[in-house]
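To start, the structure itself, in structure tokens.
Coordinate-derived values only; no laboratory data. The shown structure was predicted, so the numbers you read here are calculated from the model rather than taken from an experiment. Heads up, the Cβs are rebuilt from the backbone with ideal geometry, glycines too, and the neighbour counts pull from every protein chain shown.
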Amino acid sequence: MTSHTAAGPASTGSCPVHLTPGLVEDPVGAYADFRSREELPEVVLPGLTTPVRLVTRYADVKAALTEPRLVRDRSRVPGGADGADPQAELVEAALGGFPAEYVRYVSGHLALLDGPEHARLRTPLTRAFTARRIAALQSFVERTAEDLLRGLAERGEADLLGEFAYPLATVVVCELVGVDEPDRDRVCAWIHDFAYGDGSRTVDGLVGIVEYTKELIARRRAEPTEDLVSALIGAGRDGGEPLTEDELVSVVFLLISTGITPPALFLAHAVLALFDHPEQLAALRSDPALLERAVPELLRHVSLVRIGASLYATEDFEFAGTALRKGETVTVALLAADHDPREYGRAPERLDVSRKFGRGEDHLAFGHGAHYCLGAALGRLVTSVVLDRVLIRRPDTALAVRRDDLEFGHWPGDGFHLLRLPVRF
């Protein structure tokens, strides 16, 4: 078992603090100290070597995510940026073993673009991600979740992450994209190999998805349907600049990379959070109407993406009490912001399924500003369905192992994530 106990900060002086995965995922721990400092702390994220300035206060994180002098594309820093690049370290760690001709589909990520180029690629996706299209998925999500759970419940015990959350997220993305029914099994198998398998067939999964997506694009150009790929192809007919085939393939990969592993892990961690707070689970089960409040509260409480993308200063300027130098790297701690006492009052680490949020979205689990998560509405829908089907309609669902026996892993730059979530029904 991998421990997820956090230690204290490695340093409080001028030397960078080397964060461990435990520190990154601890909503109190070092973040309380960081938030109290006048200047942004300089830290090294787990598994990396390059220091960054870490933004931890809620108001400062929101400001950073809309600050035009902080960009995601390092090449846009006037005159270039010197020194090592933490974002490049992360990309190398994730994609270093992939064939070069396929890496561009995975690394050409909207999250790493800015300004007009980001808007050009995001606009047709935003138009295709309509509220009507998401609402139309509800019955499909409900039916798929119930079908998966029925088989698992008959066994009496299952891994809620590997046998439910991952397959559910995969099938939902296939439905959204428009993978034809006869192709679902093999495409889902490639996605499994690429996104959450044991790593032995990752490249095979990548190649399979790319080549299939090219075939699907060709089919939809000839015969459009009501799916997302057809909508993206059609966006160029509405006066916008059409996406190239490479850009369309990259968008499908964006949906796979952000629409499967993070949501599946969030669902597992959200269920675990309710197991960890039995009084809150009991309240939700006794009053299912609380589900509407419980979903945003769990998004805030878990904040699965603990650390955001790297941001680079395009000039010397002062931000959050800190004199930033041109080219200096800043990153945001979304989990820290979502547990800021200035925003959430005393004991923000406490889960409260009755917490009242304002009219807007009062958490940063989906980010903020131009890079706000496109799949937020779908994420909220799926979360509601899962909590209802797994915990409310099946009131005997419980953790099947001791809490201390759960296994966790982590990726470079991030905190711990569940590897399995054994439950009994």
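In the chain, helices alone account for a calculated mean residue ellipticity at 222 nm of -13500 deg cm²/dmol, with every DSSP H run of four or more residues adding -39,500 (n - 2.57).
The smallest convex shape that holds all Cα atoms of the range 235-326, its convex hull, gives 209 Å³ per residue. Rounded to the nearest 20, the size of the Cβ-charge dipole of the range 187-289 about its Cα centre is 120 debye, with Lys and Arg at +1 and Asp and Glu at -1.
Across the range 17-424, the relative contact order, built from alpha-carbon pairs under 8 Å that are at least six residues apart, equals 28 percent. Between the alpha-carbon centres of the range 353-425 and the range 29-48 there is a gap of 25 Å. Using a simple spin-label model with pseudo-atoms 7 Å out from Cα toward Cβ, Ser139 and Arg127 lie 2.8 nm apart. Relative to one another, the C-alpha centroids of the range 314-350 and the range 138-176 are positioned 37 Å apart. The local environment of Asp85, defined by Cβ-Cβ distances under 11 Å, has a net charge of -2 under the rule Lys, Arg +1 and Asp, Glu -1. A straight line joining the Cα centroids of the range 76-99 and the range 179-244 runs 27 Å. Listed peptides 169-180, 386-397 appear in the order 169-180, 386-397 once ranked by packing, highest mean of other Cβ atoms within 10 Å at the front. Put simply, the convex hull of the Cα atoms in the range 341-425 casts, on average, a shadow of 8.2 nm².
Sites listed here are trypsin sites (Lys or Arg not before Pro) in the range 315-359 whose DSSP assignment is loop and whose Cβ has at most 16 other Cβ atoms within 10 Å: Arg325, Arg346, Arg350, Lys356, Arg359.
Charging the Cβ of each Asp and Glu at -1 and of each Lys and Arg at +1, and nothing else, the dipole of the range 17-424 about its Cα centre rounds to 920 debye. Under the simplified labelling scheme, the Arg219-Glu349 pair shows an inter-label distance of 5.0 nm, with each label point 7 Å from Cα along Cα→Cβ.
Under conditions of 10 °C and 1.306 mPa s, the chain yields 71 µm² s⁻¹ as its translational diffusion coefficient, taking Rh as the Kirkwood radius over Cα pairs in the Stokes-Einstein equation. Each Lys or Arg adds one and each Asp or Glu takes one away; over the other residues whose Cβ falls under 12 Å from the Cβ of Val385, this sums to +1. Taking a point 7 Å from the Cα of Ala100 along the Cα-to-Cβ direction, the residues of the range 47-90 with backbone N closer than 20 Å to it are 88-90.
The DSSP beta bridges internal to the chain are antiparallel in roughly 80% of cases.
Measuring max minus min along each principal axis, the C-alpha atoms of the range 91-209 give extents of 50, 39, 25 Å (largest first).
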